[in-house]
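The next block holds one structure in the form of structure tokens; read it before the comments.
Nothing in this text is a laboratory measurement; each read-out follows from the coordinates by a stated rule. Remember, it's a predicted structure, so these values are computed and weren't measured experimentally. Here the Cβ positions follow ideal geometry from the backbone for every residue, glycine too, while neighbour counts run over all protein chains shown.
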Amino acid sequence: MVGHELLSGDKLFEKIEKEIKSGKIVVAEIAPAVRVTLGELFDMPVGTNVLGKIVSLLKKLGFRHVVDTPLGADIATYYEAEDIKKLLDEGRVKKFPIFNSCCIGWRLYASRKHPEILDHITVIASPQMTMGAVSKYYLAHKLKIDVKNIVVVGIMPCALKKYETFEVMRNGYKYIDYVVTTVELAQWAKKKGYDIKELPDESLSSIMPLSSKDGVIFGVSGGMTEAVITTLARLYGEDVEVVDFREEGDIRRKTVKIGKHEIHIAMVYGFQNLEKIYKEIKEGKIYHLVEVMMCPHGCVGGPGQPIAPKETIAARGRALGKAGDAIKEKTPLENPTVKKLIDEYLGKLDREKLEELIYFNR
Ligand code: SF4
């Protein structure tokens, strides 16, 4: 862990503006939950998908490239599903259950309350960190510039994501340099006189333009599980039987059949529910995949989003599901941007470098 200052508010905006003025290439990545929430802070109806307007706002604030954190989720899912398939095919049952790494609140809780679980949290980085690593190193490769000239800013629903950025530093550089929460982005926009209602829709960077449905739904409870399970099924040449992973509820247990394997899954939000599942595991119940999110309904209810009643948070979650379902490419395996990144860059790295970029959690 690298010690550092946790910046917020005006000090944070000034620091990023200084980076932009310095001539560095400043990139923003937008987390899934932000797109269905920022509109609330500009009096738009709950759940309005303002992704295009956020891109427009970030360009006006001076960001050179705007990319999508769900693409980081796609990349993480791609490698996670491949790894799980290998474990299943080799019968390495002791490696299960696998817990998710995407929730920093959960990982911090696990490290303090149940450090013995840490070995079961996937080593694949969270979507924020994966996208930060890819943004820095792929862009440096693509644009033929030194990585030190690229600054990455996460636009996140979660103040704890600021803390996550200090977990990894390579050659003196973080993968994510700053994090701006949803509420802070609204404050910054208003300070500069922008109302997102008035802004046109703009597209994500043409260098990394597309995320699949699976990447987008990571921001709602059950979304990460749906992503990994549907991608895993595709690796076996199957479609998952109809399972509603995103049904509402703070604790859900499912079993799906993929190939010859029966996969047992638990999805929870709130740590009291994690404790129930963990008790079952200690008593011998088999789970292959356990998704734990700290916040109600997942990141749509994160500590960086506007405070709202539970019904509003649930509505954001449904809106995010709708935004994901509208995308034709359902899994990372069908996403041409993931294919391009693997063909041009990730697939050409030796294992050590790939692990530095994607497999570094812990
Ligand atoms: S569930 Fe909450 S604590 Fe966890 S990453 Fe999402 S917003 Fe942050």
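Normalised radius of gyration (Cα atoms, divided by 2.2 N^0.38 Å) for the chain: 0.93. Assuming charge only on the beta carbon of Lys and Arg (+1) and of Asp and Glu (-1), the dipole of the chain about its Cα centre is about 580 debye to the nearest 20. Overall, the anisotropy analysis places segment 20-138 in the prolate class: the square-rooted eigenvalues a ≥ b ≥ c of its C-alpha gyration tensor yield a/c not less than 1.5, with a/b exceeding b/c.
Here each label is just a point 7 Å from Cα along the line to Cβ, and for D201 and L108 those points are 3.6 nm apart. Taking A308, A133, A233 as the candidate residues, the one with maximal mean-square fluctuation in a Gaussian network model of the chain, Cα springs under 10 Å, is A308.
Ordering Y79, L6, V46 by the projection of their Cα atoms onto the charge dipole of segment 1-139, which places +1 on the Cβ of Lys and Arg and -1 on the Cβ of Asp and Glu, puts L6 at the extreme positive end. Quick check: from the Cα gyration tensor, does segment 155-202 come out rounded (a/c under 1.5), prolate or oblate? Prolate, since a/c reaches 1.5 and a/b exceeds b/c.
For segment 225-312, the convex hull drawn through the C-alpha positions has a volume of 99 cubic angstrom per residue.
Projecting the Cα atoms of L143, C102, L160 onto the charge dipole of the chain (Cβ charges, centred on the Cα centre) puts L143 farthest toward the positive pole. Structural descriptor for the chain: relative contact order 26 percent, calculated from alpha carbon pairs under 8 angstrom and at least 6 residues apart.
When the Gaussian network model of the chain links Cα atoms closer than 10 Å, the mean-square fluctuations of S203, S22, S211 top out at S22. As a rough footprinting exposure proxy, the listed residues F63, F96 were ranked by other beta carbons within 10 Å of their own, and the order from fewest upward is F96, F63. Taking 0.36 nm per residue of separation and subtracting the Cα-Cα distance, full extension of the segment from L349 to K328 would add 4.6 nm. All other residues whose Cβ lies under 12 angstrom from that of K330 are scored, Lys and Arg at +1 and Asp and Glu at -1, for a net of -4. Size check on segment 240-362: the Cα extents along the three principal axes, sorted descending, read 44, 39, 33 Å. In loop segments of segment 218-264 as defined by DSSP, the GluC sites (Glu not before Pro) with at most 14 further C-beta atoms inside 10 Å of their C-beta are E238, E241, E247, E248. Each DSSP beta bridge with both residues in segment 9-357 is either parallel or antiparallel, and the antiparallel ones are about 35%.
Using the structure shown, list the pairs from K142/K213; K191/K213; K24/K142; K85/K330 with a Cα-Cα distance above 24 Å, or answer none. The pairs that break the limit, which is 24 Å between Cα atoms, are K142/K213; K191/K213.
Taking each residue as 0.36 nm, the span from K310 to D89 lengthens on full extension beyond its C-alpha to C-alpha distance by 75.5 nm. Contact order, relative form, for segment 241-351: 17 percent (alpha carbon pairs under 8 Å, 6 or more residues apart, mean separation divided by residue count). When the GluC sites (Glu not before Pro) in segment 31-107 are filtered for DSSP coil states and for at most 11 other beta-carbon atoms within 10 Å of their beta-carbon, the remaining sites are E90. Label segment 69-173 by shape, choosing from rounded, prolate and oblate, from the square roots a ≥ b ≥ c of the eigenvalues of the Cα gyration tensor; if a/c is under 1.5 it is rounded, and otherwise prolate applies when a/b is larger than b/c, oblate when it is not. Cα axes put segment 69-173 in the oblate bin. Grab the DSSP H runs of the chain that are 4 residues or longer, score each as -39,500 (n - 2.57), total them, divide by all residues and round the 222 nm result to the nearest 500 deg cm²/dmol. So the helix-based figure for the chain works out to -12500 deg cm²/dmol. Comparing G91, G301, G219 in a Gaussian network model of the chain where C-alpha atoms under 10 Å apart are linked, the largest mean-square fluctuation is found at G91. Below 8 Å, C-alpha to C-alpha, sequence gap of six or more: please give me the relative contact order for segment 1-130 in percent. Reported as a whole number, the value is 23 percent. For segment 1-80, a crude dipole built from +1 on the beta carbon of Lys and Arg and -1 on the beta carbon of Asp and Glu, taken about the Cα centre, is about 400 debye to the nearest 20.
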